[in-house]
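Colleague: First, the structure itself, so that you have it in front of you.
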Amino acid sequence: MNRDDQPLFAVLEPPPGGAARLRERLLSDRSSAARWPGTAIAGLAALVTLCALLFYLPAQRGERADAAMLEAPEFDRLLGRERAARPLIVDVNEHTVQAEAVPSSDPSVRIYRLR
Amino acid sequence: MTGIDEACWIEHYRALERPLYNVVYRWVWDSTESQDIVQEAFLRCWRVRGRIRAETFKALVFRTAINLAANHRRRKRLWRFVSFESLPEEPVDGGAPPGVWSRALRDAVESLPESLKRVLLLSELAGMSYREIAEITGVREGTVGSRRARALAIVRRKLESAGGRQQ
């Protein structure tokens with residue numbers, strides 16, 4: 001190979017103790033390789049638990065909240081439920097009274113009697 | 001290299017540590033990081049030792065070390081860019097002999113395209129033949145020769161323009 005008169009680069013000595021350090025790294029690599037199946041299984045189990053916590057529990061709580069909301073009378077018509085007969089209460093002259101529907105011949109007119 | 005033990009691996013390391021270190025050093029310009037990269041290359045090859053053929057071992061270790069060094073350098077550059085950190089005026093490394101840190105030489109080497117730099121460093125610092133370099137870099141021997149000549153011309157021109165020839 002062609003070499004010029006003067007070498008371009010000086011040859012440096014690597015820091016001492018490199019071989020000993022490499023031996024340590026090889027040993028620790030071997031022990032970590034031996035550990036990895038156990039570590040992987042533990043990690044997988046932790047991941048599954050975390051997924052359950054993140055998705056299952058909020059979903060359950062949400063279902064309960066949804067159920068409570070759907071029990072409200074406002075959803076009767078939307079859900080095709082039979083409306084429960086509820087008394088009509090109104091305030092008249094600072095008094096709470098019950099109103100009773102009276103049959104009317106005109107469908108556009110509703111008549112109530114106050115008790 | 002199936003069946004090779006750790007002691008034998010360490011012997012290979014001893015034989016190649018210095019040339020590898022010198023090549024890697026001209027990539028990262030830090031002695032501790034250079035040695036770490038050389039060791040990392042040996043560690044990675046150790047993990048796949050069962051698939052390595054003895055005749056390609058040297059090329060594989062050099063190739064691995066150079067790739068690691070190039071990646072390391074790119075990460076450092078990116079970090080400098082992100083953190084707005086400027087390059088130090090001179091490499092900070094107390095263990096180096098005086099005169100090694102020629103800023104001009106470093107700038108000249110740094111200015112080379114990676115393909116030229118690989119060839120130059122392998123030929124000048126690892127003492128490899130064109131055939132060996134061709135094996136590592138994956139190009140023909142003729143290309144190795146022309147790349148080395150181009151790299152040397154660029155470096156020498158830059159050194160002359162910087163007014164310094166010495167390392």
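The values are calculated or read from the model by the stated rules, or taken from the named source; none is laboratory data. Quantities reported herein were computed from a predicted structural model and do not represent experimental measurements. Heads up, the Cβs are rebuilt from the backbone with ideal geometry, glycines too, and the neighbour counts pull from every protein chain shown. Ligands, DNA and RNA are stripped out before the accessible areas are found, and what is left, the full protein with its side chains, is counted by its heavy atoms. Shrake-Rupley method; radii C 1.70, N 1.55, O 1.52, S 1.80 Å.
Colleague: Scan region B:10-42 for residues that are more than 7 Å from chain A (Cβ to nearest Cβ), among the aromatic types (Phe, Trp, Tyr) and open to solvent by less than 10 Å² (accessible area, probe 1.4 Å) and jot them down.
Modeller: B:27
Colleague: Another one. Does region A:60-67 contain at least one residue that is modelled with pLDDT under 75 and among the polar types (S, T, N, Q)? Quick ask: steps written out before the conclusion?
Modeller: So the first thing to find is which residues in region A:60-67 are modelled with pLDDT under 75, and the list is A:60-67.
Now narrow it down to the ones that are among the polar types (S, T, N, Q): A:60.
Yes, region A:60-67 contains a residue that is modelled with pLDDT under 75 and among the polar types (S, T, N, Q).
Colleague: Spot the failing condition for residue B:78; the list is (1) at pLDDT below 85; (2) aliphatic (A, V, I, L, M); (3) within 20 Å of residue B:66 (Cα to Cα); (4) open to solvent by less than 80 Å² (accessible area, probe 1.4 Å), and only one is missed.
Modeller: Tallying (1) at pLDDT below 85; (2) aliphatic (A, V, I, L, M); (3) within 20 Å of residue B:66 (Cα to Cα); (4) open to solvent by less than 80 Å² (accessible area, probe 1.4 Å), residue B:78 fails exactly one: (4).
Colleague: Would you please list the contacts, defined by Cβ atoms under 8 Å and residues six or more apart or on different chains, that run from a residue in region A:82-105 that is at pLDDT below 85 to a residue that is open to solvent by less than 70 Å² (accessible area, probe 1.4 Å) and outside any strand (DSSP E or B)?
Modeller: A:82/A:76; A:83/A:73; A:83/A:76; A:84/A:73; A:84/A:76; A:86/A:73
Colleague: Here's something else I'd like to know. Would you pick out the residues in region A:12-43 that are open to solvent by 90 Å² or more (accessible area, probe 1.4 Å), modelled with pLDDT of 85 or more and assigned to a helix (DSSP H, G or I)?
Modeller: A:23, A:24
Colleague: Looking at residue B:155, is it open to solvent by less than 40 Å² (accessible area, probe 1.4 Å), at pLDDT 85 or above, assigned to a helix (DSSP H, G or I) and out of contact with any Asp or Glu (no Cβ under 9 Å at 6 or more places or on another chain)?
Modeller: Values: open to solvent by less than 40 Å² (accessible area, probe 1.4 Å): yes; at pLDDT 85 or above: yes; assigned to a helix (DSSP H, G or I): yes; out of contact with any Asp or Glu (no Cβ under 9 Å at 6 or more places or on another chain): yes.
Judged against the criteria, residue B:155 is a match.
Colleague: Quick one: in region B:113-127, of everything that is aliphatic (A, V, I, L, M) and open to solvent by 10 Å² or more (accessible area, probe 1.4 Å), which residue is nearest to the other protein chains (Cβ to nearest Cβ)? Talk me through it step by step, then tell me what you get.
Modeller: The initial filter retains those residues of region B:113-127 that are aliphatic (A, V, I, L, M), namely B:116, B:119-122, B:125-126.
Checking the rest, the ones that are also open to solvent by 10 Å² or more (accessible area, probe 1.4 Å) come to B:125-126.
Numbers: B:125: 6, B:126: 10 Å.
The extreme case among them is B:125.
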